[in-house]
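The structure under discussion appears below in the form of structure tokens.
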């Protein structure tokens, strides 16, 4: 869980720094039921959830959904010790550097695959702001199932576009090709000025502040697969 080496954790436990069910656990070799860890504390702070862990993050602009690139990373917004967790945390469906909003971060490989696979038809909602006025036929084109990027062989799956005003609206996708929404509008001669994901399935970002995260419950996870 990233708190330290076995030796460091053992020292903390022997000093009474690990509390389970209101009682200190001072024997580093003690066996503890994972379900009993709820409400536990480590060094007077609530114990991090064990694996599998999935969180909802409100990504600010300028952060990258990657472990390897230079600059600001979404993992910089999480507790530093989480970088040492095993299994490793990864984003389930990326947002590009300039986009904002809902990102799922998980150490559950099966869950990650279910979210990003088009076979599971998980709809994702984005608020889009455009540089130029809408043409008026975007919804028809994007929902046709025949809209294709240059040099791509397969057309995009039908998408739902709901205009809001003259230069924006809400896009709903069930796939996530590279820079998909930006490329869709670029294909019509327009440019996406701002892109914000606010919902996956029925799980909404809500009023979570930018740059903050929350751990998802089983009920939250179930909402992701409700369309």
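Results, tabulated for the structure shown:
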read-out: Residue satisfying condition, being without any contact (Cβ under 8 Å) to a residue 12 or more places away in the chain and surrounded by fewer than 14 Cβ atoms within 10 Å (Cβ to Cβ), within set 206, 189; value: 206
read-out: Count - residues of segment 153-165 that are more than 22 Å from residue 225 (Cα to Cα) and either surrounded by 11 or more Cβ atoms within 10 Å (Cβ to Cβ) or touching a helix residue (DSSP H, G or I) at 6+ places or on another chain (Cβ under 6 Å) (or both); value: 3
read-out: All positions within segment 164-186 that are under 22 Å from residue 120 (Cβ atoms) and either without any contact (Cβ under 8 Å) to a residue 60 or more places away in the chain or not assigned by TED's automatic domain parsing to the domain that holds residue 140 (or both); value: 170, 171, 172, 173, 174, 175, 177, 178, 180, 181, 184
read-out: Residues (in a loop (DSSP other than H, G, I, E, B) and either surrounded by 14 or more Cβ atoms within 10 Å (Cβ to Cβ) or out of contact with any strand residue (DSSP E or B) (no Cβ under 8 Å at 6 or more places or on another chain) (or both)) located in segment 27-38; value: 27, 28, 29, 30, 31, 33, 38
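The values are calculated or read from the model by the stated rules, or taken from the named source; none is laboratory data. Model, not experiment: these values are computed from the prediction. Counting neighbours? That spans all protein chains shown, and the Cβs are built from the backbone with ideal geometry, glycine included.
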